Amino acid sequence: MIRKNSKIFVALGLSLSLVTVFSLFSYRSSAASAVIAVQGPASATCSQTGQVVPAGYQGSNFGLELQQFWPNEPVSISFTFPDGRVLSPVVTSISDRNSLQNSVATFIFNGVEIPINGLDGVIDMPANFPWISNTDIGGDFYFPFLATNKWPYGCYTFTAHGLQSNRVVVSNFVVIPRTGPEPNPGQAVLIVEDNTTGDLSSQQGALVNIFGRGFVASEVISIWITAPDGVVFSFPYQPITNDIGSFSAPFEFNSNHPTGIYAFTALGNASGYQVITRFNLTSRASYQNGWSQLRVAFPSARNGGQGTTFEVQGKRFSPFERVDVWMTLPDNAVRGLPSQYADANGEFFADVHLDERLPIGEYDFSAKGATSGFLSIATLQLNSGGLELPIPGAGSTVDTTPAPDVISSNDLLSTGTTDTLGSPPQEQPPFTSPSDPIF
């Protein structure tokens, strides 16, 4: 049986009494006389509250100011993203190409040195180190934070918790798209199509071709991809045009990418030509097959807040067969889990921990027998676990394991891997030069 020590967190639940004062660039919220103020370069309406609050852009700073806490008090700050993920400011301003890669930056927590990773815009599974800073002798605190291009568009909730006074204040902030003149495409054109069908739409797992024409000869092309929620991630390398200004580059949309309309942008570094085209990514349908059954046994209502461990049970698979399991997130991105093995009666269970780094919404848990081919699906609902990042208690540490995480199961056989997410987004270019392929 696979076992892990359960995570110990300090309960931070408090009732809030909010008084809100608005101005164009500052939003102040107070509870029990403590104050939080956010400064941003613009203003916008928060979709959750319907109120006008400070706003900013990807790549811009915003200010966060606290007042009327205790002198020199440690204060924990948490950011709740529009999709319900609760992340620490320690990691939200770091843009990684892959949030699962080993980082050169480290953080000391409870005497343990752990690599710091940030957001990659696809998986976003950094170790969620709490942000705890002390106020000054007047009970005030200020810090300018950065909203990177890995922050999706939408309304955010910022929460500050005085760990000695127990004062909690919240405020909202909106990330909005930049507006400006249309880019100059010059003579450039850009096509993104499915490698097999040539369509401008395909399913997760598709290999797509990026064709650019009309740029200048032998110029470096910068490519970036904007996800449906506004997150931007860079192309793994910069192709070079041929003598007539054309380039070709492949790209794989794996199951980690959410579904929706993606915008591909190509910029000629010499010509300045910038052209944008769009591609529709859809999900692969899964159909239940055979007479196996899957159910969410705990919690009984099949829903729970972030931080809940869900128990999923399967039966009527073949005896001792490998059962491949995965979860489909609310945005249709897929997260693989270690394969489980049924017992002599074709049964298994898995306790799956869903933490605050995952978005809230409906999840599909799928299990497929490798021998029988039986496929069963069970649905669960992940709700908000609160606006504050859980702070590990005495004797525990920050969870560095990507989620969802199987923390207990009936599995007596080693799967040979602890990988819970499958293949990460492509990090190495498929070609080291336009004429030297590597396969």
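Tell me the residue from Ser286, Ser300 that is closer than 27 Å to Gly205 by Cα and surrounded by fewer than 16 Cβ atoms within 10 Å (Cβ to Cβ), please.
Working: Ser300 fails: closer than 27 Å to Gly205 by Cα.
Result of the check over Ser286, Ser300: Ser286.
Applying the selection to segment 348-382, what residues are open to solvent by less than 10 Å² (accessible area, probe 1.4 Å), part of a strand (DSSP E or B) and within 30 Å of Phe129 (Cα to Cα)?
Across segment 348-382, the qualifying residues are Ala350, Val352, Leu354, Tyr363, Phe365, Leu380, Leu382.
Hey, could you check segment 180-199 for residues that are out of contact with any strand residue (DSSP E or B) (no Cβ under 6 Å at 6 or more places or on another chain) and either of a type in the set (A, V, I, L, M, F, W, C) or touching a residue at least 60 places away in the same chain (Cβ under 8 Å) (or both) and say which is least open to solvent (accessible area, probe 1.4 Å)?
Gly186
What single numbered condition from (1) assigned to a loop (DSSP other than H, G, I, E, B); (2) at pLDDT below 95 fails to hold for Gly84?
Every condition holds for Gly84 apart from (2).
Could you list, in sequence order, all residues of segment 112-169 that are within 11 Å of Ser76 (Cα to Cα), hydroxyl-bearing (Ser, Thr, Tyr) and open to solvent by 10 Å² or more (accessible area, probe 1.4 Å)?
Ser133 - this is the single residue of segment 112-169 that is within 11 Å of Ser76 (Cα to Cα), hydroxyl-bearing (Ser, Thr, Tyr) and open to solvent by 10 Å² or more (accessible area, probe 1.4 Å).
The values are calculated or read from the model by the stated rules, or taken from the named source; none is laboratory data. What you see is a predicted model, and the numbers here were worked out from it, not measured in a lab. We place every Cβ from the backbone using ideal geometry, glycine too, and count neighbours over all the protein chains shown. Note: accessible area is taken over every heavy atom of the protein model, side chains too, but ligands, DNA and RNA are not part of it. Shrake-Rupley method; radii C 1.70, N 1.55, O 1.52, S 1.80 Å.
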